[in-house]
Amino acid sequence: MNVLDRLDASPGWSDEERMLLDSVQQLAKEKLAPRAADYDRSGEFPWDNVRDINELGLNAMFIPEEYGGAPLSYCSYLACVREISKACASTGIIWATNFHAIKPVIQYGSEDLKSRILPRMAEGGLAALVITEPSAGSDATGMRTQFRLEGDEVVIDGGKTFISNGDVADVYVVFGKWEGASDAKSAIGAVVVEKGAPGLSVTGTEHKMGTRASGTASLAFEGCRVPKGNILAPMGEGLRVLLASLNKSRPSVAAHALGIARAAFEDAVEYINERRQFGKRILEFQGIQFMLADLAAELALCESWLWRVGGMIDQGVEDIGIEASTLQLRATDLAMRMTTDAVQLHGGYGYCADFRAERLMRDAKITQIWEGTNQIHRQLIGRSFLRKDK
Ligand SMILES: Cc1cc2nc3c(=O)[nH]c(=O)nc-3n(C[C@H](O)[C@H](O)[C@H](O)COP(=O)(O)OP(=O)(O)OC[C@H]3O[C@@H](n4cnc5c(N)ncnc54)[C@H](O)[C@@H]3O)c2cc1C
């Protein structure tokens, strides 16, 4: 056993979690991984992957039992994201986005909203988390989408961009600003919009560098109407809901990145154990051993931190923002470095599509950008050391 195998063996899953993880590993190996190159090439949405994931009932693991779910630990959810993303980064983000979007409904939704939305998600629905706008990215408080109450309805007007699952979702968790608020932060709110709501349309999808099979859509809300009961965060509550949601989804972005990093590491090790130059296997050269040692050490530490932050969430610790940012920063920087080095270790073959190293390198890049860019995470971590008494 090497250090990474030992790490995999260490989290101590329950029998139920172990069984589920074994099924996910089998699905990833036998179905998701073999299809990944074709989906990357075509950019088509991987409906058969989503169907296979739903046959395992995977969404149920993050939906409470009373709404049709079969909840398991957050750590086991992270392990599933990592496993799926290792096989197909597009599918990993499609499935993880369900959790990112629906978590605020579970945490903050009214009883009525939860009983209407969550059973559908437990059965395999797709969800989208709708925050970013053309002129409001890193600074989400700059968003302009407007919510206004009209009788028993909320009317939504605005435009959103870069929305994962935006073209396929059954449920949209939309952040915007309530009309009439005194300042930008207290104006932020959130409402749930269901597929087919009048006034909601998909206005385009992106042609991307990586995670090419996961849809990234622009949305228009033009006098879009939803019942008042779909309000998730009223005026004054939205920013708190937004930040709490991001704190829980950031470890999941790290698990996605670490799946990509693991795939790149394992492929590189396999290749340099076989490939010979100057009469030796590439892995026999000390310069290469040093390179591999640095990558393995960083991977082992990032994975350990993944389980630590996941464990904090399982224990109900709420204040995990800086731990989550630290994890996302290091895991995603590692994914980029690991995949770039994996291409390097494959030599010229790494630059060509016959090996998946080049796809992994393209897939890794987004992890440093979404759910807060790494500049923003550095800022959050650094700022946390500012003394408040000065
Ligand atoms: C494929 C994809 C999927 C996505 N999925 C979703 C989704 O499902 N839902 C959703 O709401 N959004 C989604 N996004 C949006 C994503 O979260 C944003 O792209 C990201 O937050 C950055 O915003 P921006 O692109 O507007 O960049 P900007 O905010 O314009 O940043 C541009 C550059 O400036 C830097 N910068 C900005 N502010 C600072 C600062 N204060 N200090 C230092 N540097 C700074 C940034 O780090 C970056 O390098 C997705 C994006 C992509 C590309």
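Among all residues of the range 119-127, there is none that is within 16 Å of the ligand (Cβ to nearest atom), among the charged types (D, E, K, R) and either within 18 Å of residue 201 (Cα to Cα) or assigned to a helix (DSSP H, G or I) (or both).
Screening the candidates 253, 193 for the property of being among the β-branched types (Val, Ile, Thr) and out of contact with any strand residue (DSSP E or B) (no Cβ under 6 Å at 6 or more places or on another chain) yields one hit, 253. When the residues of the range 378-390 are filtered to those that are free of Cβ contacts under 8 Å to residues at least 24 places away in the same chain and in a helix (DSSP H, G or I), the one that is farthest from residue 291 (Cα to Cα) is 383. Determine if the range 319-335 includes at least one residue that is open to solvent by less than 50 Å² (accessible area, probe 1.4 Å), closer than 24 Å to residue 211 by Cβ and free of Cβ contacts under 8 Å to residues at least 24 places away in the same chain. There is no residue in the range 319-335 that is open to solvent by less than 50 Å² (accessible area, probe 1.4 Å), closer than 24 Å to residue 211 by Cβ and free of Cβ contacts under 8 Å to residues at least 24 places away in the same chain. Say we look at the range 102-145 and pick out the residues that are among the polar types (S, T, N, Q) and surrounded by fewer than 18 Cβ atoms within 10 Å (Cβ to Cβ); which of these is modelled with the lowest pLDDT? Here the answer is 141. Looking across the range 152-169, just one residue is touching a Gly at 6+ places or on another chain (Cβ under 8 Å), open to solvent by 10 Å² or more (accessible area, probe 1.4 Å) and more than 15 Å from the ligand (Cβ to nearest atom), and that is 157.
For the structure I just gave you, tell me whether residue 228 is more than 10 Å from the ligand (Cβ to nearest atom) and out of contact with any Phe, Trp or Tyr (no Cβ under 9 Å at 6 or more places or on another chain).
It is true that residue 228 is more than 10 Å from the ligand (Cβ to nearest atom) and out of contact with any Phe, Trp or Tyr (no Cβ under 9 Å at 6 or more places or on another chain).
When the range 219-269 is limited to residues that are closer than 23 Å to residue 92 by Cβ and free of Cβ contacts under 8 Å to residues at least 60 places away in the same chain, the one that is most open to solvent (accessible area, probe 1.4 Å) turns out to be 266.
Would you confirm, using the coordinates I've provided, whether residue 167 is over 22 Å from the mean Cα position of the chain (by Cα) and in contact (Cβ under 8 Å) with a residue 12 or more places away in the chain?
It is false that residue 167 is over 22 Å from the mean Cα position of the chain (by Cα) and in contact (Cβ under 8 Å) with a residue 12 or more places away in the chain.
Among the residues in the range 34-52, are any within 27 Å of residue 243 (Cβ to Cβ) and buried (at least 17 other Cβ atoms within 10 Å of the Cβ)? Checked against the condition, which is being within 27 Å of residue 243 (Cβ to Cβ) and buried (at least 17 other Cβ atoms within 10 Å of the Cβ), the range 34-52 yields no hits at all. Applying the condition of being in contact with a helix residue (DSSP H, G or I) (Cβ under 6 Å, 6 or more places away or on another chain) and more than 19 Å from residue 21 (Cα to Cα) to the range 91-112 and asking which residue is farthest from the ligand (Cβ to nearest atom) yields 112. Could you look through the range 341-377, keep only residues that are loosely packed, with under 13 Cβ neighbours inside 10 Å and assigned to a helix (DSSP H, G or I), and pick out the one that is nearest to the ligand (Cβ to nearest atom)? Among those residues, the one meeting the criterion is 375.
The values are calculated or read from the model by the stated rules, or taken from the named source; none is laboratory data. All values derive from a computational prediction rather than experimental measurement. FYI the Cβ positions are ideal-geometry reconstructions off the backbone, even for glycines, and counts take in every protein chain you see. The accessibility values were calculated without ligands, DNA or RNA, using every heavy atom of the protein model including side chains. Shrake-Rupley method; radii C 1.70, N 1.55, O 1.52, S 1.80 Å.
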